[in-house]
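Input: a single structure, listed below in structure tokens.
The values are calculated or read from the model by the stated rules, or taken from the named source; none is laboratory data. Small disclaimer: the values here were computed from a predicted structure and weren't measured. Note that we place each Cβ from the backbone using ideal geometry, even for glycine, and neighbour counts take in every protein chain shown. Accessible surface areas use protein heavy atoms only, side chains included; no ligands, DNA or RNA. Shrake-Rupley method; radii C 1.70, N 1.55, O 1.52, S 1.80 Å.
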Amino acid sequence: MAGKNDLLQAAKEARARAYAPYSDFHVGAAVLGASGGVYSGCNVENASFGLTSCAERNAIFAMVAAGETEIREILVIGESEEFLPPCGACRQVIAEFAAVPTVVHMCNRRGECRDTTVGELVPFIFHLKK
Ligand code: THU
């Protein structure tokens, strides 16, 4: 089963393919699915800025397109000195496919990571239940 180092490698490779001509901030993400598959994504920006899509969401959508809907672990790496926390929109998308204790690795430009959980990132998760 793939582990954190595999996710880090996949996320770094994706980060190298980021399309970020406007922010010049390159982000990569990798998701481990319940089947053991690893899916990666990078941020893809647009001249109409609001259409930009984050690395985490692109990785998760690749996982779903491959037929998986359960995240076991997720890692995100940016270019900052600080560990990169997923944006609010990505947190909600992560929470759609990951249980509360799922580990989220937030990494800095050097690949050093701080670990947290989905529950810590989204303390009150919205799920559509009546
Ligand atoms: N970005 C991500 O890909 N993930 C995050 O969690 C934070 C922000 C991207 C979006 C945009 O292309 C660039 O980083 C600057 O905000």
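Candidates I71, G111, A59 compared by Cα position along the dipole of the chain: farthest toward the positive end lies I71, with charges placed on Cβ.
About its Cα centre, the dipole of the chain is roughly 220 debye, where the only charges are +1 on Lys and Arg Cβ and -1 on Asp and Glu Cβ. Projected onto their three principal axes, the Cα atoms of the chain cover extents of 41, 33, 28 Å, largest first. Around the amide H of A98, modelled in the peptide plane, lie the amide H atoms of I71, all under 5 Å away and 5 or more residues distant in sequence or on another chain. Residue ranges 75-82, 62-69 sort as 75-82, 62-69 when ordered by packing (mean number of other C-beta atoms within 10 Å per residue, highest first). Element breakdown for segment 33-130 at a 1.4 angstrom probe: carbon and sulfur atoms account for 57% of the accessible area.
Across segment 72-102, the residues whose backbone nitrogen lies under 14 Å from the label position 7 Å along the beta-carbon direction of K12 are 76-79.
Taking every protein chain into account, the 1.4 Å probe leaves F61 with about 100 Å² of accessible area, to the nearest ten. Counting only DSSP beta bridges whose two residues both lie in the chain, roughly 70 percent are antiparallel. The convex hull around the C-alpha trace of segment 68-113, projected and averaged over every direction, spans 3.3 square nanometres. Entry note, the chain: the mean residue ellipticity at 222 nm calculated from DSSP H runs of n ≥ 4, each adding -39500 (n - 2.57), is -8000 deg cm²/dmol after division by the residues and rounding to the nearest 500. Highest mean packing comes first when the peptides 121-127, 91-97 are listed by Cβ atoms within 10 Å, giving 91-97, 121-127.
For the chain, taking a cut-off of 4.7 Å between Cβ atoms, the unpaired cysteines are C42, C54, C87, C90. Full extension of the chain between H127 and T52 yields a length gain of 24.6 nm, computed as 0.36 nm times the residue separation minus the alpha carbon distance.
Per-residue extension of 0.36 nm, minus the Cα-Cα distance of Q92 and S23, leaves a gain of 22.6 nm for this segment.
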